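The values are calculated or read from the model by the stated rules, or taken from the named source; none is laboratory data. These figures come from a predicted structure and were not determined experimentally. Every residue, glycine among them, receives a Cβ derived from its backbone with ideal geometry; neighbour counts consider all protein chains shown.
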């Protein structure tokens with residue numbers, strides 16, 4: 001696409017620009033700023049709706065004591081057990097076990113500190129179950 005044809009359909013970027021390649025007047029590829037593109041914006045909005053629904057479903061299971069608060073933090077940060085295990089230095093099965101409320105309640109402070117550091121939060125915040133209004137606010 002020509003540099004002058006780069007889409008400028010604002011949406012999720014809130015005044016920021018993304019960079020894409022375009023062809024300039026002399027036929028060379030150059031970097032061009034774009035405020036967004038409507039099809040990409042629609043796809044991103046739909047993806048974020050799915051993510052919000054997934055977080056809400058996990059939070060409901062945490063409130064029902066089916067999952068530990070660790071599962072909520074993982075959903076909020078879009079992590080699965082395999083990814084988190086790599087960051088925290090545990091086996092995947094250990095992280096999955098810690099997603100169970102009983103196992104999570106028995107975790108030692110050092111292990112909780114490791115999880116909290118990954119999520120850039122405090123241990124009390126890691127262990128706390130947010131209410132519905134906070135959950136919606138955190139997802140945006």
task = Could you tell me whether residue 71 is part of a helix (DSSP H, G or I), surrounded by fewer than 15 Cβ atoms within 10 Å (Cβ to Cβ) and assigned by TED's automatic domain parsing to the domain that holds residue 48?
result = no
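Out of all the residues in region 53-68, which are over 18 Å from residue 125 (Cβ atoms) and either assigned to a loop (DSSP other than H, G, I, E, B) or outside the structural domain of residue 118 (by TED's automatic domain parsing) (or both)?
If we filter region 53-68 for residues that are over 18 Å from residue 125 (Cβ atoms), which is where we start, we get 53-54, 56-57, 60-61, 64-66.
64, 65, 66, listed by residue number.
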message = Checking the structure you have, find out if any residue of region 33-47 is in contact with a helix residue (DSSP H, G or I) (Cβ under 8 Å, 6 or more places away or on another chain) and without any contact (Cβ under 8 Å) to a residue 24 or more places away in the chain.
response = no
ask   = Does region 92-102 contain any residue that is in a helix (DSSP H, G or I) and either at positive phi or loosely packed, with under 14 Cβ neighbours inside 10 Å (or both)?
value = yes
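If I filter region 29-45 for residues that are within 26 Å of residue 115 (Cα to Cα), assigned by TED's automatic domain parsing to the domain that holds residue 124 and modelled with pLDDT of 80 or more, do I get at least one hit?
No, there is no match, as no residue in region 29-45 is within 26 Å of residue 115 (Cα to Cα), assigned by TED's automatic domain parsing to the domain that holds residue 124 and modelled with pLDDT of 80 or more.
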query = Just one of the numbered conditions (1) on the phi > 0 side of the Ramachandran plot; (2) crowded, with 18+ Cβ neighbours inside 10 Å is not true of residue 58; which one?
reply = (1)
message = Quick check on region 16-26. Is at least one of its residues more than 18 Å from residue 125 (Cα to Cα), assigned by TED's automatic domain parsing to the domain that holds residue 132 and in a loop (DSSP other than H, G, I, E, B)?
response = no
